[in-house]
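This report concerns only the one structure given below.
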Amino acid sequence: MDPVAAARLRRLQLVGVLSGFTAGAWLGAAEAPTKMVSLGISPVVISLTMVLGVFLARWSLPALLRGTSAVRADVRQVPHLVVWAALAGCLWAVANTLTIFAIRDIGLSIAFPLWNANSLLGILWGIVFFSELRDAGRARRLGVLGGAVVMFGGATFLAVASSTQAVAGHPARGVAAALAAGALWGTMYIPYRKAYLTGMNPLSFVTFFTIGEVGMMTAIALADRGGPAALLAELARARDVLFWLLLGGFVWVVGDLFQQYAAKYVGISRGIPLSNTNQLWGLLWGVLVFGELHGASGRTYAQVVGGSLLMALGAGGIALASATGPEHRRWQDAAAREGERYAVDPGYTRSALAGEGAAATARGRTWLDWLIVTAATAVFVALARGARVPDSWLDWLIVTAATAVFVALARGARVPDLALDWPAITALAVVMLALLGGTGLLLWRTTRFN
């Protein structure tokens, strides 16, 4: 496989790093609606509703950005990755449910950095399975591994702080739930990297990822609530806040898409720690918006803020240790092995690794795209009237269907009975949108979302 030109590689590295930062902002905000667990809503019901929002976004956004014909072309090239995507979705569903239990027991600002221990597993799996950090040089290996040690130190500070600030008096249970979620999410990144080394577009991968999410989460919810009737009854009781939970799922998908591009262009050993700057956003949402840690001692504040900053510094050190040409050639060797194992067209794999569109996926929208987008548009019209016009009626149907769901729930939604700081919400939202616009434009100009 021919090496990627140095200038192109630097551009892709920049795209990957900025995608990681943007992912952190949006993934951090997506967890804010889970604070509704404090209103007495079951964590399982919250997780299920968020997953339904994720499902709507994961089908409508790819239809808007690429079209379903491009997704089908990817599947024809790498059909084995559909199974890996569904498996990753199953892991995500269980991990997301555990995070809500953690938030209930120890709070958002403390739980967030603990489950971000998934960075450590991401580094391990990147080295073991995908030749990351091979031929990276001593300084870059030290940056990644040293950053991991610093992050572990930050997590330790936060675990100590949780012992005195538990929300419901169960700090050990909350810490265990957060760390278990981190372990599952860390393992979930193996299918991510397999997909992107082989050549599957992130927008195609997430479309099938959601099949595993919805299937697993539905099974968990039915088992936890005792059957369909009990589950539907609980959803009905929470109907006035379901919109906010679906919106949280939508926001999560935006962050996850950028995380996928970070994993593709800088690897999971770098991209995942970088996207885990969401811990700082979780801290900001927890402390500024929801008033967590209000009245806590100065020592507790020092532990939480200091631990979060340590973890962020560690993630920054990892992210700045960018891949060099020799290491990237190791990635190409790993991609070639994946392609040979599953009989994938080498040209398809090569173009995807360089962030270029394969000829097989350069197709226009179809009637199916128009249908999907039209179905979802009714929902998204209420939330984002500036969305661009799709080219296929199937895309329209998907987006209109998703939009209809959001509109229906938004009409009966009420502001939750939570103490919120609206100026802080506004400021955080403005920064998130700025990152979305800037990074999205760079990603489009560099890769056309390939």
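The values are calculated or read from the model by the stated rules, or taken from the named source; none is laboratory data. Just so you know, these numbers come straight off a predicted model, no measurement behind them. Here the Cβ positions follow ideal geometry from the backbone for every residue, glycine too, while neighbour counts run over all protein chains shown.
The residue pairs whose first member lies in the stretch 437-448 and is free of Cβ contacts under 8 Å to residues at least 60 places away in the same chain, whose second member is surrounded by 18 or more Cβ atoms within 10 Å (Cβ to Cβ) and part of a helix (DSSP H, G or I), and whose beta carbons are closer than 7 Å, counting only pairs six or more residues apart or on different chains, do not exist in this structure.
When Glu234 is tested against the conditions (1) modelled with pLDDT under 85; (2) crowded, with 22+ Cβ neighbours inside 10 Å, the lone failure is (2). Considering only residues that are in a loop (DSSP other than H, G, I, E, B) and surrounded by fewer than 24 Cβ atoms within 10 Å (Cβ to Cβ), which ones fall in the stretch 78-116? Pro79, the sole residue that qualifies. Scanning the stretch 41-68 for residues that are within 17 Å of the chain's Cα centre (by Cα) and not hydrophobic (A, V, I, L, M, F, W, C) yields Ser47, Thr49, Gly53, Arg58, Ser60, Pro62. The lone criterion from (1) over 15 Å from the mean Cα position of the chain (by Cα); (2) at pLDDT 85 or above; (3) hydrophobic (A, V, I, L, M, F, W, C); (4) closer than 20 Å to Val17 by Cβ left unmet by Val266 is number (2). Being farther than 19 Å from Val254 by Cβ, touching a helix residue (DSSP H, G or I) at 6+ places or on another chain (Cβ under 7 Å) and either surrounded by fewer than 24 Cβ atoms within 10 Å (Cβ to Cβ) or of a type in the set (Phe, Trp, Tyr) (or both) is the filter here, so list the residues in the stretch 176-204 that pass it. If the condition is that a residue be farther than 19 Å from Val254 by Cβ, touching a helix residue (DSSP H, G or I) at 6+ places or on another chain (Cβ under 7 Å) and either surrounded by fewer than 24 Cβ atoms within 10 Å (Cβ to Cβ) or of a type in the set (Phe, Trp, Tyr) (or both), then Leu179, Ala180, Ala183, Leu184, Thr187, Ile190, Pro191 are the ones that fit. If I ask for residues that are among the hydrophobic types (A, V, I, L, M, F, W, C) and either farther than 30 Å from Ser42 by Cβ or surrounded by fewer than 24 Cβ atoms within 10 Å (Cβ to Cβ) (or both), which ones from the stretch 259-280 would you list? Those that are among the hydrophobic types (A, V, I, L, M, F, W, C) and either farther than 30 Å from Ser42 by Cβ or surrounded by fewer than 24 Cβ atoms within 10 Å (Cβ to Cβ) (or both): Ala262, Ala263, Val266, Ile268, Leu274, Leu280. Confirm whether Val214 is of a type in the set (Val, Ile, Thr) and crowded, with 24+ Cβ neighbours inside 10 Å. Here the answer is no, as Val214 does not meet what is asked. Against the criterion of being of a type in the set (D, E, K, R) and within 30 Å of Pro346 (Cα to Cα), Arg104 does not qualify. Residue pairs whose Cβ atoms lie under 7 Å apart, sitting 6 or more positions apart in sequence or on different chains, and linking a residue in the stretch 165-177 that is closer than 18 Å to Thr300 by Cβ to a partner that is at pLDDT below 70 and assigned to a loop (DSSP other than H, G, I, E, B), are Gly174/Ala166. Across the stretch 191-205, a minimum of one residue is classified as on the phi > 0 side of the Ramachandran plot and not aliphatic (A, V, I, L, M). Among the residues of the stretch 291-305, not a single one is in contact with a Gly (Cβ under 9 Å, 6 or more places away or on another chain), small (Gly, Ala, Ser) and either modelled with pLDDT of 75 or more or on the phi < 0 side of the Ramachandran plot (or both).
Checking Leu283, Leu309, Leu320 one by one, the residue that is at pLDDT 80 or above and within 26 Å of the chain's Cα centre (by Cα) is Leu309 and no other. The set of residues from the stretch 335-347 being assigned to a helix (DSSP H, G or I), within 14 Å of Leu81 (Cα to Cα) and touching a residue at least 24 places away in the same chain (Cβ under 8 Å) comprises Ala335, Glu338, Gly339. Would you mind stating whether Ala85 is modelled with pLDDT of 80 or more and either within 22 Å of Ala352 (Cβ to Cβ) or of a type in the set (Lys, Arg) (or both)? The answer is yes for Ala85.
Taking (1) surrounded by 24 or more Cβ atoms within 10 Å (Cβ to Cβ); (2) of a type outside the set (D, E, K, R); (3) within 22 Å of Ser275 (Cα to Cα) in turn, Phe152 satisfies each apart from (1). Inside the stretch 125-138, residues that are among the small types (Gly, Ala, Ser) and modelled with pLDDT of 80 or more make up a count of 1.
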